[in-house]
Amino acid sequence: MQLGRGSNIKQISLKRNVYWAFFGNAIYAATQWLLLIFMTKIGNIEMVGTYSFALAFTTPIILFLSFQLRNVYLTTNEYKFNEFLFTRVVSMIFGSVLIFLLAKYLSYEQNILIIIMLITFSKCIECISDIYHGLLQKSERMDVISVSKCLKGIIGLVFFGITLYISNSLILGTAIMSLIWVIILVAYDIPKANSKVKEEFLRFSFQRVKRIVLISYPLGIVTTLDALNANIPRYFIQNLSGQDELGYYSGIVYLMVVGSTVIAAVGQALAPRLSVYFNNDAEKFKAFCKRIVIIGSIFGVIFLCLSITFGKILLKIVYTEDFLKYYDVYIWIMVTSSIWYIASLLTYIITAAKFFKIQVPLFLLMLLCTFICSILLIPKYGVIGAAWSFCAGNVLRLIGSVLVTNNILLNITRNSPHKQTSF
């Protein structure tokens, strides 16, 4: 099986790729989770709220302009890696300027503005690293990606924690962590990928870059809608209940990443082969899809059961006893998590089949559902209303994803994938 032209990086087995992807995602997610814990333990809950608000402000714009280029790169051999890289760098520069101008226009306090721009910078570095990871993922080398994530997560966390402890400054801690990410990008990610792409850096066509943007922008919209969907309840809580309530809600929602590490590991490891099978072997594609759905469903049920059983202990150990007041919110977020995990795996299938545009109305309906429910529920019920709203949107996404996936599987045997597929 050929995964990417001109590759001189040896592949490893699918099982090892899943294990490596899980390991890297788990370590990185744990370190990002510990960031919130450090803020809670060393700083205060207001610090968590400020950090979460800055993330909510910057993430939709950065995600839109990232255009999911990594996933598009995995599904095509038509364009060169350096064309994707150039597109990513230019879009990140544009996004940084846009976020700064928007934050200045909204007249945020200076400390919040600084945090917003520091997080924007770190997200841009992360996005550039992500496109290099796509190059390695296409060659099925999740082990190299995993090491990168571990370095970034662990070293960044250590320096963030030390800086926060010494200075009690969220601004300084975030700045140091961002600098660490730059060093890892330059010292590890680029050298690891450079031998594979060095012959491609000298020339590319701006016209081809433009076509990449036209192909990818629907996935940029999808990613933005997904981020907005998660952040809409946060916006309402911020305006109606304040930073403290937002801090509690954000801490509980972040527990979703515990299970998402497994889902991301499976999806990322299978994505290159799903794309190849879709283009070349319909039966293997269908078999892979069925296995993914079964695995996702079983995992979702197990995760929910364990979360309910050990929920109070988890909240008390990981955060503080104050979080136990929001145990009902925790339960609904865990229900939402299980739904989200299954829908996310279905999205990997839909993307591998190059059904990009159909995802836009699907995610738009999810967003509208969450927004309408937030208007109706959060002013009356507070944080628990936010959890209900988030859950309702994800239920609608799951239903839509099932319908789209079923349509793909029904039609793949009737038509050649090359005939039915459209970016």
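Listing for the model above:
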quantity	calculated
The chain - accessible surface per residue (Å², probe 1.4 Å)	43
The range 91-148 - percent of accessible surface contributed by carbon and sulfur, probe 1.4 Å	69
Net lengthening on full extension, L214/Y327 (0.36 nm per residue, minus Cα-Cα)	36.2 nm
Order of exposure, largest accessible area first, which applies to M117, M256 with probe 1.4 Å	M117, M256
With at most 13 neighbouring Cβ atoms within 10 Å, loop GluC sites (Glu not before Pro) (DSSP) excluded, longest segment of the chain	110-423
The chain, relative contact order in percent, only Cα pairs under 8 angstrom and at least six apart counted	23
Whichever lysines have a C-alpha closer than 25 Å to that of K149, once near sequence neighbours (fewer than 8 apart) are set aside	K10, K15, K41, K80, K123, K138, K192, K196, K198
Part-to-part distance (alpha-carbon centres) for the range 207-272 and the range 290-307, which is given in Å	21
Between 0 and 90°, nearest 10: helix 14-41 axis offset from the chain longest Cα axis	20
Heavy-atom SASA rank of D328, D130 (probe 1.4 Å, accessible area, largest first)	D328, D130
Nearest-10 value in Å² for the accessible area of W20, using the 1.4 Å probe	80
Solvent-accessible surface (1.4 angstrom probe) belonging to I176, in square angstrom, nearest 10	50
Label point distance in nm, L179-Q110, each placed 7 Å from Cα along Cα→Cβ	2.1
Distance between the range 146-195 and the range 383-408 - C-alpha centres, whole angstrom	35
Relative contact order (%) - the range 266-393, alpha-carbon pairs under 8 angstrom, separation at least six	28
Residue-wise HN-Hα coupling along the range 306-320, computed from phi with Karplus coefficients 6.51, -1.76, 1.60 (Hz; x: Gly, Pro)	5, 5, 5, 5, 10, x, 5, 5, 4, 4, 6, 6, 6, 10, 9
For the range 299-423: lysine pairs under 20 Å (alpha-carbon distance), excluding those fewer than 8 apart on one chain	5
Phi-based couplings in Hz for the range 113-120 (Karplus 6.51, -1.76, 1.60; Gly and Pro marked x)	4, 5, 4, 4, 6, 5, 5, 4
Stretch gain in nm, segment F310-F206, where the contour uses 0.36 nm per residue and the Cα spacing is subtracted	32.0 nm
0 to 90° range, to nearest 10: angle between helix 327-352 axis and the chain longest Cα axis	20
Normalised contact order of the range 104-180, rounded percent, pairs of Cα under 8 Å and 6 or more residues apart	36
Percent accessible area from carbon and sulfur atoms, the range 362-406, protein chains only, probe 1.4 Å	83
With eigenvalues of the C-alpha gyration tensor scaled by 5 and rooted, the chain, Å	33, 26, 21
Heavy-atom accessible area order for S169, S146, largest first, 1.4 Å probe	S169, S146
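The values are calculated or read from the model by the stated rules, or taken from the named source; none is laboratory data. Just so it is clear, the model here is predicted, and its values are computed rather than measured. Ideal geometry is used to build each Cβ from the backbone, glycine not excepted, and the neighbour counts take in all protein chains shown. Accessible surface is based on the protein model in full, side chains and every heavy atom, while ligands, DNA and RNA are left aside. Shrake-Rupley method; radii C 1.70, N 1.55, O 1.52, S 1.80 Å.
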